[in-house]
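Input: a single structure, listed below in structure tokens.
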Amino acid sequence: MDRESHRAPPWGDADSGRRVLELRSDGERRRRAVVELHTLLVRMAYTSLRSSYPALRRDDLEEVALEAADEAAVRVLAHLDDFRGASRFTTWACRFAVREAEVAMRRRRRHQREVPVEPSVLVDLAGSGTSVVREHEGAELLRVVCEGMADALSPRQREVLLALVVDGRSPEEVAALLETTTGALYKCVYDARGKLRGYLERNGLTPGGELSVVV
């Protein structure tokens with residue numbers, strides 16, 4: 001046993017001291033400590049996700065938990081010097097896992113959201129109305145709007161418009177979901193509409209009628 005292991009840990013309980021010392025060590029000892037840390041973070045991330053998203057499949061929860069644990073482990077190691085022993089090390093480290101689990105879930109939902117291209121979704125995007133579907137020009141306009149959302153908008157702008165128009169969420173709800181203010185949300189919508197209008201004009205189309213809800 002090396003001399004370092006005989007020192008009284010300045011981080012409260014013995015288990016916390018052991019974990020910190022091992023994570024600060026080198027070679028195989030550190031590798032085992034990182035594996036142990038990662039296993040703990042996966043378990044905590046999964047537990048947090050299962051509690052918050054009980055409807056998700058186990059495979060999906062495990063995938064997001066693993067992604068969150070990967071990022072949380074990096075952050076724990078980067079902030080190791082910030083640990084002062086006010087709580088157990090496992091409690092302190094698991095806060096990173098819970099935070100990264102939420103970040104990973106939001107990121108996953110953003111990536112899964114595709115710009116709608118199916119006719120039934122185009123009607124929703126326009127605010128509904130069978131006359132638009134019957135009219136070839138209206139359908140063409142909707143198609144170009146969707147192309148513009150994919151090509152001209154940033155991921156953030158696209159997410160905001162889809163939440164407001166397709167999901168039918170209120171501005172206050174979307175602002176809370178995206179952790180922003182309604183003022184910033186309105187600015188995002190204003191900029192996104194400007195980009196869409198420019199895209200339509202470059203394609204020889206002019207928005208109007210039911211599409212005014214989008215552009």
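Please count how many residues of segment 88-125 are in a loop (DSSP other than H, G, I, E, B) and modelled with pLDDT under 90. Lay out the reasoning, then the answer.
Filtering segment 88-125 for residues in a loop (DSSP other than H, G, I, E, B) gives 88, 113-118.
Those left that are additionally modelled with pLDDT under 90: 113-118.
Going through segment 88-125 one residue at a time, the tally reaches 6.
Testing A73 on (1) out of contact with any helix residue (DSSP H, G or I) (no Cβ under 7 Å at 6 or more places or on another chain); (2) under 19 Å from A33 (Cβ atoms), one condition comes back false. Which one is that?
Failed condition: (1).
Quick one: in segment 70-87, of everything that is assigned to a helix (DSSP H, G or I) and not aliphatic (A, V, I, L, M), which residue is surrounded by the most Cβ atoms within 10 Å (Cβ to Cβ)? Talk me through it step by step, then tell me what you get.
Taking segment 70-87 first, the residues assigned to a helix (DSSP H, G or I) are 70-78, 80-82.
After this cut, where a residue has to be not aliphatic (A, V, I, L, M) as well, the list is 70-71, 75, 81-82.
Values: D70: 15, E71: 19, R75: 16, D81: 8, D82: 8.
For segment 70-87, the residue satisfying everything is E71.
Hey, among the residues in segment 154-168 that are modelled with pLDDT under 80 and assigned to a loop (DSSP other than H, G, I, E, B), which one's nearest to R107 (Cα to Cα)?
Only one residue fits best here, namely D167.
What about V64, is it within 17 Å of the chain's Cα centre (by Cα), among the β-branched types (V, I, T) and buried (at least 19 other Cβ atoms within 10 Å of the Cβ)?
Values: within 17 Å of the chain's Cα centre (by Cα): yes; among the β-branched types (V, I, T): yes; buried (at least 19 other Cβ atoms within 10 Å of the Cβ): yes.
So V64 passes the test.
May I ask you to list pairs of residues, at least six apart or on different chains, whose Cβ atoms are under 7 Å apart, with the first in segment 24-44 being part of a helix (DSSP H, G or I) and the second being of a type in the set (D, E)?
Here the result reads R29/E22; R30/E22; A33/E22, each pair linking segment 24-44 to a residue that is of a type in the set (D, E).
The values are calculated or read from the model by the stated rules, or taken from the named source; none is laboratory data. For clarity, every value in this text was computed on a predicted model and none was experimentally measured. No Cβ is skipped: glycine too gets one built from the backbone with ideal geometry, and neighbour counts run over all protein chains shown.
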